[in-house]
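The values are calculated or read from the model by the stated rules, or taken from the named source; none is laboratory data. What you are looking at is a predicted structure, and each value in this text was computed from that prediction instead of being measured. Because the Cβ atoms are built from the backbone with ideal geometry, glycine has one as well, and the counts that use them run over all protein chains shown.
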Amino acid sequence: MPPSAPQPPSPHHGQPDAQPGKYLTFTLSGESYGIPVLKVREIIRLCPITPVANMPEHVKGVINLRGKVIPLVDLRAKFCLPISPDTDRNCIVVTQIAAAGGGTRLYGVIVDGVEEVANFTADDIEPTPDFGGTVDSMFITGMAKSGSGVKTLIDLDKISAVDGTIAIQALGIPSHQAS
Amino acid sequence: MSTDRFETISRAGKVLQQIGLELAFVDAVKENGADGINELVRQLAEALGDRAPGPIADAVAAARRWIDQRVAVDNTLSGVTIARLGEWHPWIDAALTSWEHDLPCPPIPEDWSSPQGAPPADTGPEAPPIAAAAPTKVGDPQPAPASQLPEQTVEVLPADADAEMLQIFCAEAQDLLQDIEQGVLVLEVNPTDSPSLDSLFRAFHTFKGNVGVMKLLVLQQLAHELESMLDAARRGKYRLVSASITVILAGADILKRFVAELANQIAGVNTGRTVDLPIPQLIRDVHALLDGAVPSPGAATSPAPKAKTDAAPPAPAPIAPAAPPAVPSSDTVAAIEAGPRQGATVTVVEPQAPASPAPVVAKAPPASPAAAPVIGSGIVRVDTLKLDSLIDLVGELVIAQSMVVQTPELKAITSAHLSRSLGQLRSITSDLQRTAMSLRMVPIRSTFQKMSRLVRDLALQQGKEIVLELEGEETELDRNIVEELNDPLVHMIRNSADHGIEVPAARVAAGKPSAGTITLRAFHQGGFIVIQIEDNGRGLSPAKIRAKAIERGIIRADDNLDERETFDLIFAAGFSTAEKVTDLSGRGVGMDVVRRNIEKMRGKIEIDSVEGRGTTFTLYVPLTLAIIEGLLVGVGDQRYVIPTLSVRESFRPLPGMVTQVQGRGEVVSVRGRLTPILRLGRHLNTPHTATDPVEGIIVVVEAGQDSRCLLVDQLIGKQEVVIKNLGDMFRHQTEFAGAAILGDGRVGLILDINALVKLKSRSNGEAA
């Protein structure tokens with residue numbers, strides 16, 4: 001994983017930012033995403049969440065991870081994706097990502113379901129296509145081909161750096177892609 | 001003629017006064033310490049001219065001779081010289097007085113006038129504690145042989161030592177000595193390796209500082225000499241040769257032996273024994289090396305520990321049982337019994353003293369050398385991060401334990417064995433937690449002791465007489481808090497010394513003793529540590545404070561404040577009552593910063609003052625920054641923690657107590673004061689909260705002078721919680737000060753009362 005550069009990379013052409021390697025893939029509202037497996041600390045079941053008042057919608061609150069208080073982010077809300085009711089497939093991916101103040105911190109990420117740990121070679125990964133103006137693709141490090149589907153590889157470090165929501169729905173609905 | 005004489009006497013008297021001052025502050029091991037006194041004694045001789053009667057002139061000449069000898073050696077004053085001057089000063093004073101009244105001069109002590117009476121010049125700057133130099137014995141008429149220097153007998157345990165501090169000192173010293181040895185080994189290969197030179201220099205420098213604090217002046221001198229050599233090498237003024245490496249190692253060995261012996265004696269082995277260290281020889285070697293001379297082949301190496309057998313012909317004398325007490329060579333520091341508190345009284349090594357008799361010293365090297373095992377409690381230095389994570393883990397264990405105990409399935413089992421085991425588990429975990437917490441606890445002593453120095457300096461600077469009394473120095477609190485307390489305490493002590501305590505004349509005029517007292521005390525009270533700074537100075541004047549606050553625009557002229565509110569004004573930003581601005585305090589910053597600092601660590605500060613009688617500042621700080629006592633409240637389906645320190649009271653409002661103020665929200669009358677209500681549920685967007693205040697509970701919280709009523713649904717209980725940081729994702733929110741894991745394993749949020757109370761000034765202005 002390249003370190004998060006301060007200026008947005010230009011993912012539209014050239015090499016993808018994503019490095020070949022193992023990725024944990026998971027689903028959000030029916031679409032597949034991948035994050036580097038090295039950033040994943042553990043995967044836990046949904047647990048009681050303590051909401052924190054007056055926070056953006058994607059910040060669900062905090063949870064107790066064996067004595068550590070960690071924030072819980074709902075990527076579906078972050079990406080403005082439809083949120084379906086919780087099922088027992090829902091779980092929390094505990095990831096270690098760069099904190100704003102330096103160092104790393106643990107974050108919990110709610111996902112609809114975890115798929116697998118997949119190994120993507122350099123050939124599997126393609127640069128992010130140009131989605132046009134409406135989609136903010138700076139945190140997308142590449143697209144990985146896997147079997148029949150395509151997984152969006154994302155950089156959680158950059159996601160946490162953006163306070164508001166991120167328009168990503170274009171990804172979920174291929175017909176919206178700019179040609 | 002007679003006026004001439006009086007003029008001479010008064011001039012001499014003035015110079016003498018300055019000498020007295022200089023003597024009081026002269027530092028035995030300070031470089032150039034001799035200069036000031038040298039100059040003053042010269043002035044004294046000048047003032048007296050040739051008019052002084054014989055004995056006075058003789059005495060002045062003697063003093064000049066002593067000083068000259070010292071200055072010739074290394075420009076420092078030895079402890080012995082200082083002690084002699086200390087004796088000489090009152091004598092001259094008395095002699096001048098007699099002269100003034102035309103009385104015969106007191107007899108001049110015999111040993112002064114004889115040239116032999118000077119402290120032997122070859123003893124090296126031995127610098128014993130000033131009081132330890134027995135006045136009548138310093139004038140040892142037998143000069144030590146110049147060629148072979150005696151080993152110096154050093155008392156190991158300082159008489160008034162604090163065992164705990166010594167233990168810390170030992171632990172640190174051992175680390176430093178290890179650094180030193182490693183550095184020396186590098187230097188042996190590459191004498192100009194600057195990182196090693198730097199680290200060696202720093203190690204000796206730190207060592208010097210530490211022994212200085214411990215008042216081990218002899219070692220301080222030694223460390224100082226080695227440090228200056230390394231400093232010269234570091235600056236490229238001096239090139240280390242193998243002889244200098246040997247000297248450094250020999251010096252490190254001496255320090256090591258001392259530390260090992262000290263560690264033993266702290267552990268109760270051979271308490272009170274003195275050790276003989278070849279310090280004078282080593283210091284001479286250092287000087288010789290710095291002067292460019294290579295020390296005589298044996299000189300540099302022989303003082304190493306093995307030289308013990310042949311060294312110090314004079315040494316047996318003081319220790320031999322038959323020897324009269326007056327015989328010790330002048331640089332022998334008397335051994336002081338370590339156990340009984342003998343203060344500064346000097347005892348010459350007595351036959352029954354545990355010090356080994358001379359022959360034994362000479363033949364059998366004492367069992368002290370470096371590797372002597374430290375028996376009893378030692379000190380292990382641990383990374384604080386490890387400590388923190390241990391404390392975190394223990395906190396989790398306690399919670400996990402209570403979750404297990406409260407499991408419904410387990411509760412259903414009726415087994416005496418199980419409940420006994422669970423009880424045992426509970427008591428072990430709580431013991432474990434207490435022990436873990438105590439790891440971070442340190443006594444507040446060192447912080448308090450720093451203040452004595454501060455008070456002394458302040459008193460001198462301002463011409464006041466101030467006594468600082470310390471109480472409860474052994475009170476333990478979290479290391480972080482001790483550190484955080486330092487600045488506020490310095491500020492408040494300055495305030496007390498600067499604004500509180502009056503000048504002696506004013507105090508006497510007010511019928512108080514001329515010396516003011518500042519009392520610094522610490523004690524436990526209700527789960528908090530209370531620190532009080534009490535002075536018996538002029539106290540706060542409500543009228544003056546009020547006038548000043550109105551002038552500064554902090555309050556309006558028609559504001560009606562009670563006494564406590566008036567006193568609280570001194571915490572307002574930009575407030576200062578000092579009539580003159582000094583460099584100490586009174587710049588208008590300060591008390592507001594003090595309060596901010598205290599509140600930052602979730603503490604609070606109160607003032608109590610009686611005009612003309614004194615002021616007491618009381619600080620309440622939590623025992624530790626990691627744990628607070630919280631009031632657990634239920635709001636809707638959420639639970640929040642309110643730090644109990646902020647809670648003034650709570651009650652269920654009766655119908656009619658709550659009044660709607662048009663456009664400003666609700667207020668409730670609490671003890672006659674209308675206090676605005678904050679509906680916590682509404683403020684925090686928590687669903688399912690009570691809408692009628694009568695169904696809820698009102699918790700009155702305060703921050704600074706402001707208070708506010710929080711409307712909650714229920715009080716759940718009081719609980720000690722470990723504070724956890726919420727992290728940077730929540731850095732912009734202002735409602736919560738942190739989070740805590742509650743008994744059932746869920747996260748509870750800790751309300752930031754300061755922010756909630758201050759909210760008032762924004763949302764409903766002057767409703768209070």
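Just one residue in the set B:LEU742, B:LEU751 is more than 17 Å from A:ILE70 (Cα to Cα), crowded, with 18+ Cβ neighbours inside 10 Å and within 14 Å of chain A (Cβ to nearest Cβ); that residue is B:LEU751.
Out of all the residues in region A:91-106, is one or more away from chain B (no Cβ under 14 Å) and not β-branched (Val, Ile, Thr)? I'd like the intermediate steps shown before the answer.
The first filter runs over region A:91-106 and keeps only residues away from chain B (no Cβ under 14 Å), leaving A:91, A:93.
Retained after the next criterion (residues that are not β-branched (Val, Ile, Thr)): A:91.
Yes, the conditions are met somewhere in region A:91-106.
Across region A:142-163, the number of residues qualifying as among the β-branched types (Val, Ile, Thr) and modelled with pLDDT under 85 comes to 2. Here B:LEU715 does not qualify as touching a residue at least 60 places away in the same chain (Cβ under 8 Å), assigned to a strand (DSSP E or B) and crowded, with 22+ Cβ neighbours inside 10 Å. Being within 14 Å of another protein chain (Cβ to nearest Cβ), in contact (Cβ under 8 Å) with a residue 60 or more places away in the chain, at negative phi and hydrophobic (A, V, I, L, M, F, W, C) is the requirement here; does B:VAL699 meet it? It is false that B:VAL699 is within 14 Å of another protein chain (Cβ to nearest Cβ), in contact (Cβ under 8 Å) with a residue 60 or more places away in the chain, at negative phi and hydrophobic (A, V, I, L, M, F, W, C). For region B:718-732, the candidate set comprises residues that are surrounded by 18 or more Cβ atoms within 10 Å (Cβ to Cβ) and within 26 Å of B:MET437 (Cα to Cα); within that set, the residue that is farthest from the other protein chains (Cβ to nearest Cβ) is B:VAL721.
Out of all the residues in region B:693-712, which are modelled with pLDDT of 80 or more, out of contact with any strand residue (DSSP E or B) (no Cβ under 9 Å at 6 or more places or on another chain) and part of a loop (DSSP other than H, G, I, E, B)? Correct list: empty.
Within the span defined as region B:446-454, one or more residues are in a helix (DSSP H, G or I), farther than 21 Å from B:TYR620 by Cα and either modelled with pLDDT of 85 or more or among the charged types (D, E, K, R) (or both). Residues in region B:385-403 that are facing another protein chain (nearest Cβ under 10 Å) and of a type in the set (D, E, K, R): 2 in all.
Which of the strands (runs of 3 or more DSSP E) contained wholly in region A:30-80 include at least 2 residues that are facing chain B (nearest Cβ under 10 Å) and closer than 30 Å to A:LYS145 by Cα? Answer list for region A:30-80: A:68-74. Could you check, for region B:643-658, whether at least one of its residues is within 14 Å of chain A (Cβ to nearest Cβ), among the hydrophobic types (A, V, I, L, M, F, W, C) and within 40 Å of the chain's Cα centre (by Cα)? No; the residues of region B:643-658 include none that is within 14 Å of chain A (Cβ to nearest Cβ), among the hydrophobic types (A, V, I, L, M, F, W, C) and within 40 Å of the chain's Cα centre (by Cα).
Okay, residues lined up against (1) basic (Lys, Arg); (2) part of a strand (DSSP E or B); (3) not assigned by TED's automatic domain parsing to the domain that holds B:GLY704:
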| residue | (1), (2), (3) |
| --- | --- |
| B:GLU606 | no, yes, yes |
| B:LEU631 | no, yes, no |
| B:PRO655 | no, no, no |
| B:THR659 | no, yes, no |
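Across region B:597-617, the qualifying residues are those that are surrounded by 17 or more Cβ atoms within 10 Å (Cβ to Cβ) and among the basic types (Lys, Arg), and the one among them that is nearest to B:ARG538 (Cα to Cα) is B:LYS604.
Give B:SER609, B:SER585 a once-over and let me know the one that is modelled with pLDDT of 80 or more and among the small types (Gly, Ala, Ser).
Among B:SER609, B:SER585, only B:SER609 is modelled with pLDDT of 80 or more and among the small types (Gly, Ala, Ser).
Remark: A:VAL114 falls outside the filter, which requires a residue to be closer than 21 Å to A:ASP17 by Cα and either outside any loop (DSSP other than H, G, I, E, B) or modelled with pLDDT of 80 or more (or both). Per this entry, B:ALA416 is not counted among residues that are of a type in the set (Gly, Ala, Ser) and within 14 Å of chain A (Cβ to nearest Cβ). Against the numbered list (1) more than 14 Å from every other protein chain (Cβ to nearest Cβ); (2) closer than 29 Å to B:GLY603 by Cβ; (3) among the aliphatic types (A, V, I, L, M), B:ALA690 comes up short only at (2). May I ask you to verify whether B:GLY743 is within 16 Å of B:VAL398 (Cβ to Cβ), out of contact with any Asp or Glu (no Cβ under 7 Å at 6 or more places or on another chain) and part of a loop (DSSP other than H, G, I, E, B)? Criteria met by B:GLY743. Taken as a whole, region B:356-368 holds at least one residue that is under 31 Å from the mean Cα position of the chain (by Cα) and modelled with pLDDT under 50.
Of the residues B:GLU151, B:GLU155, which single one is at pLDDT below 65, closer than 26 Å to B:ASP253 by Cα and touching a strand residue (DSSP E or B) at 6+ places or on another chain (Cβ under 6 Å)? Matching residue, one of B:GLU151, B:GLU155: B:GLU151.
Within region B:498-528, restricting attention to residues that are closer than 21 Å to B:SER446 by Cα and modelled with pLDDT of 85 or more, the residue that is surrounded by the fewest Cβ atoms within 10 Å (Cβ to Cβ) is B:PHE523.
Of all the residues in region B:661-673, those that are part of a strand (DSSP E or B) and farther than 16 Å from B:VAL699 by Cβ number 2.
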